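Visitor: Questions regarding the structure given below will be posed in turn.
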Amino acid sequence: MDVLKRNGERELFDKHKFLSSLSKAGFSDDQINNAFEKIERSLYDGIATDEIYDKAHEVLKDIEVLEPVIKYSLKRAVLELGPSGFPFEKLISRIYEENGYTTQTGIVLQGNCIEHEIDIVAYNEDELILIEAKFHNEQHTKSDTKVALYVKARYDDLLDSIFEFEGKERKVTEALLITNTGFTNNSKRYVECAGTFKMISWTYPRSAGLLKMIEDAHIHPITSITELSKSEKMTLIDNGIIYCKDLARDPDILRVLNASKEKEARILELSRQICNGH
């Protein structure tokens, strides 16, 4: 059976990959097997990967232990922040802000040779971090060696320079490439050998990837809320509302949707559950 990817390409359905994604989210073997039995009969040749995800989520969302449901939804929720990479940059910025950093996005810095536009700059009293944020709309797309080479060349031109932020002269203490999907093995080997910067993907480095960063900061995107339609999610994003935490703190934000009071209450309850009270 073929599946239709987000980019319009078709590929053979990989049952092992699908079951593995549920396992990594923390579902038990019994929960995984029961879920697949329920959705298998509704699969068909040419089915969209998003439809498979929706079917799985519909079956799994009633499980009493909410954490694996949220974790399974989270990667897809980050993908839904697209198609542009700007909301992803805001997500990364917010993670660092929750950890005590000041951030700026789309800032131009003068290197030794030329100027470079940096996606995110994060700094505190002691650190200055440069971040290249690489967003992909398809979860199986990986950043390859060409991306690593390009990022290294930019950072090599910047790392010896001195920059002024908030009246203080600073040198770069860390340079990062962060993606919402993954890296090819060659790109990992290259960066491990060449140095200069570090790479962070969804689960790389192990136990310190983007998934862990989002969970630790409790910065879950509003696209995690299944009660919201795609158009409602985009309306919130277009109004600068990207995080469940902000909905939980300021319910009046939802007025831009012109939704019923009952629907607003359901959305708020889900956002509180996803943020785990934070």
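The values are calculated or read from the model by the stated rules, or taken from the named source; none is laboratory data. All values reported here derive from a predicted model rather than from experimental measurement. Cβ placement follows ideal geometry from the backbone for every residue including glycine, while neighbour counts extend to all protein chains displayed.
Visitor: In this structure, is Glu232 farther than 19 Å from Val78 by Cβ, surrounded by 14 or more Cβ atoms within 10 Å (Cβ to Cβ) and of a type in the set (Asp, Glu)? Step through it out loud before you land on a result.
Guide: Values: farther than 19 Å from Val78 by Cβ: no; surrounded by 14 or more Cβ atoms within 10 Å (Cβ to Cβ): yes; of a type in the set (Asp, Glu): yes.
No, not satisfied.
Visitor: Here is a further query. Could you tell me whether Glu80 is acidic (Asp, Glu), under 18 Å from Asp216 (Cβ atoms), touching a residue at least 40 places away in the same chain (Cβ under 8 Å) and not assigned by TED's automatic domain parsing to the domain that holds Gly240? Spell out the reasoning first.
Guide: On the way: acidic (Asp, Glu): yes; under 18 Å from Asp216 (Cβ atoms): no; touching a residue at least 40 places away in the same chain (Cβ under 8 Å): yes; not assigned by TED's automatic domain parsing to the domain that holds Gly240: yes.
So Glu80 fails the test.
Visitor: Please verify whether region 14-25 includes one or more residues that are at pLDDT 85 or above, outside the structural domain of Arg154 (by TED's automatic domain parsing), buried (at least 19 other Cβ atoms within 10 Å of the Cβ) and under 29 Å from Ser207 (Cβ atoms).
Guide: Within region 14-25, not a single residue is at pLDDT 85 or above, outside the structural domain of Arg154 (by TED's automatic domain parsing), buried (at least 19 other Cβ atoms within 10 Å of the Cβ) and under 29 Å from Ser207 (Cβ atoms).
Visitor: If you take just the strands (runs of 3 or more DSSP E) that sit entirely in region 90-143, which of them hold at least 1 residues that are of a type in the set (D, E, K, R)?
Guide: Values: elements: 102-110, 115-123, 128-134.
Once the strands (runs of 3 or more DSSP E) in region 90-143 are filtered for at least 1 residues that are of a type in the set (D, E, K, R), what remains is 115-123, 128-134.
Visitor: Still on this model: Would you confirm whether or not region 207-217 contains a residue that is surrounded by fewer than 13 Cβ atoms within 10 Å (Cβ to Cβ) and modelled with pLDDT under 85?
Guide: Among the residues of region 207-217, at least one is surrounded by fewer than 13 Cβ atoms within 10 Å (Cβ to Cβ) and modelled with pLDDT under 85, which makes the answer yes.
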